[in-house]
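The values are calculated or read from the model by the stated rules, or taken from the named source; none is laboratory data. On a predicted model such as this, the values are computed, not experimentally measured, just so you know. Here the Cβ is made from the backbone with ideal geometry for all residues, glycine too, and neighbour counts use every protein chain on show. Heads up: the accessible areas ignore ligands, DNA and RNA and are worked out on the full protein's heavy atoms, side chains in. Shrake-Rupley method; radii C 1.70, N 1.55, O 1.52, S 1.80 Å.
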Amino acid sequence: YPNVSFVVYTGDKGVTGEQILEGARQRFNITLPRPVTFVFLRHRGLVEAGSYPHFTLLGQSLGSMFLGWEALTAFVPDLYVDSMGYAFTLPIFRYLGGCKVASYVHYPTVSTDMLSVVRERNPRFNNADFISRNPVLSALKVVYYCCFALLYGLAGSCSDVVMVNSTWTLGHILALWRAPSRTSIVYPPCDVRAFLDIPLEGEDEDELEEGWEELGRELGSQEEGRGGVDRKCHSIVSVGQFRPEKDHLLQIRAFHKLLDRKGDGPGGREALRLVLIGGCRNQEDEDRVLMLRGLCQELGVSDRVDFRLNVPFEELKRELVNATIGLHTMWNEHFGIGVVECMAAGTIVLAHKSGGPKLDIVVPHEGRQTGFLADSEDSYAAAMETILALSPSAKLEIKRAARESVGRFSDQEFEACFLAATECLLN
């Protein structure tokens, strides 16, 4: 669309548009062929969670409406695309600005899963213990969530085109926004080119002929996990910010159980290490890392667990390429770009049996297995033991199938699907 002008609303302060574009080039290797205009907003604090210690969802949503009004009064577009999850800005731009509106939803602000967590009084990162223990507070929170879900659905239904990033998100958005004819899946772009040129370990045509037969025998054997382990040291790598929903506690506890299963013999404790790679956004995340280190000390695994904070991409790439297992434990991850990166890097993925990994990513490719799924400490430990016990040729078959499958999530696929979804608004 050479005749279309593009404008980006941003709450960044103390930077110029040129600096933002340079950051995109350095961090994501994206260079825009045409200029983009930036409109700088002053009240981004209205949408930050820290501004609302209570009723955070409602506070952020109302704040986004004020921020949306600031954006609209600064510049009125013909087409407004929300990719930040600010659904309550959609009616502002549609009815007050007279704009066409589109949405790209990464994660629903409220979901039926969140409602079930509260109804079942299940303590999780988004349901505090003092609420889950109190039936009255739990009932009030259910009413709050139901009312908010109704408002969220009304706001989202204003969108002329709705794009979602996964099958899991699709199900929730269809239930809440009720616009099936305007809704489609557009997988997020995963820039995995840096990994695809790296040869897979043990890749040799002679080893591939019987790989799948071996894999079937090994996975069907009742004795798997008891032998056949490579002599080298195996690293189990997790990539994800140190946020509570990433559930690093589950990773450490499952790893502790794996070490107990393997014992101190050959291929046992000394041949395994868990590498936790992630970013810390603030002091709260740093405190969480201290707590995780304390858990490692308590379980006696601190000598086998490494914490790598805010590492550069080259170090991340090196760890993934050398890893045996790529570990993911977030419940109902909406998509899971980190899981895709592990598969592209040739790391056997062990992901949570829910959300995007279960429905979209760690699925059979042309009838071939692409990874493993688990949902508890015991099942994670058992799956890691199974992966470690696979022969080199069986591991290679899984890695090859996984790497071939990630083409669905390329930049080119994203571009084609995004343009197809928005074509009706731009013509």
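With an 8 Å cut-off on Cα pairs and a minimum separation of 6 or more residues, tell me the relative contact order of the chain in percent. Show your work: numbers first, answer last.
Numbers: 671 pairs, mean separation 62.4, N = 427.
Worked out over the chain, it gives 15 percent.
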What are the lysines whose alpha-carbon lies under 18 Å from the alpha-carbon of Lys395, with same-chain residues fewer than 8 places away excluded? Lys232
Between [x] 2.94; [y] 1.19; [z] 1.06, which entry matches Cα Rg over 2.2 N^0.38 Å as derived from the coordinates of this structure? [z]
Which distance in Å, rounded to a whole number, links the C-alpha centroids of the range 359-427 and the range 302-340? 15
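Give me the percent of accessible area attributable to carbon and sulfur for the range 344-421, probe 1.4 angstrom. Walk me through the intermediate numbers first.
Numbers: 1380 of 2590 Å².
So the carbon and sulfur contribution to the accessible surface is 53 percent.
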Would you kindly state the longest site-free stretch of the chain, with sites defined as chymotrypsin sites (Phe, Trp or Tyr not before Pro) in a DSSP loop (not H, G, I, E, B) surrounded by at most 14 other Cβ atoms within 10 Å? 126-427
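Going from most exposed to least, what order do Leu290, Leu174 have by accessible area with a 1.4 Å probe?
If we order Leu290, Leu174 from most to least accessible, we get Leu290, Leu174.
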How far apart, in nm, are the 7 Å Cα→Cβ label points at Arg178 and Leu309? 4.8
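What number, in percent, do you get for the relative contact order of the range 69-118 if the mean sequence gap of Cα pairs under 8 Å and at least 6 apart is divided by its residue count?
Working: 49 pairs, mean separation 19.0, N = 50.
Once divided by the residue count of the range 69-118, the mean separation gives 38 percent.
If Asp285, Asp197, Asp303 are ordered by their accessible area, calculated over protein heavy atoms with a 1.4 Å probe, which sequence runs from highest to lowest?
Numbers: Asp285 0, Asp197 135, Asp303 85 Å².
These residues rank, largest area first, as Asp197, Asp303, Asp285.
State, as an integer percentage, the relative contact order of the range 348-394 based on alpha-carbon contacts under 8 Å between residues 6 or more apart.
On the way: 43 pairs, mean separation 16.9, N = 47.
Across the range 348-394, relative contact order equals 36 percent.
For the range 1-70, which whole percent of the accessible surface, found with a 1.4 angstrom probe, sits on carbon and sulfur atoms?
Its accessible area is 60 percent carbon and sulfur atoms.
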Residue-normalised value, i.e. accessible area per residue, for the chain at 1.4 Å probe, in Å², stands at 50
Using only Cα atoms and rounding to the nearest 10 degrees, what angle (0 to 90) does helix 411-426 make with the longest principal axis of the chain? 20
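If DNA, RNA and ligands are ignored and the probe is 1.4 Å, what is the ranking of Glu284, Glu48 by accessible area, most exposed first? List each step's numbers first, then the result.
Working: Glu284 110, Glu48 90 Å².
Solvent-accessible surface, decreasing: Glu284, Glu48.
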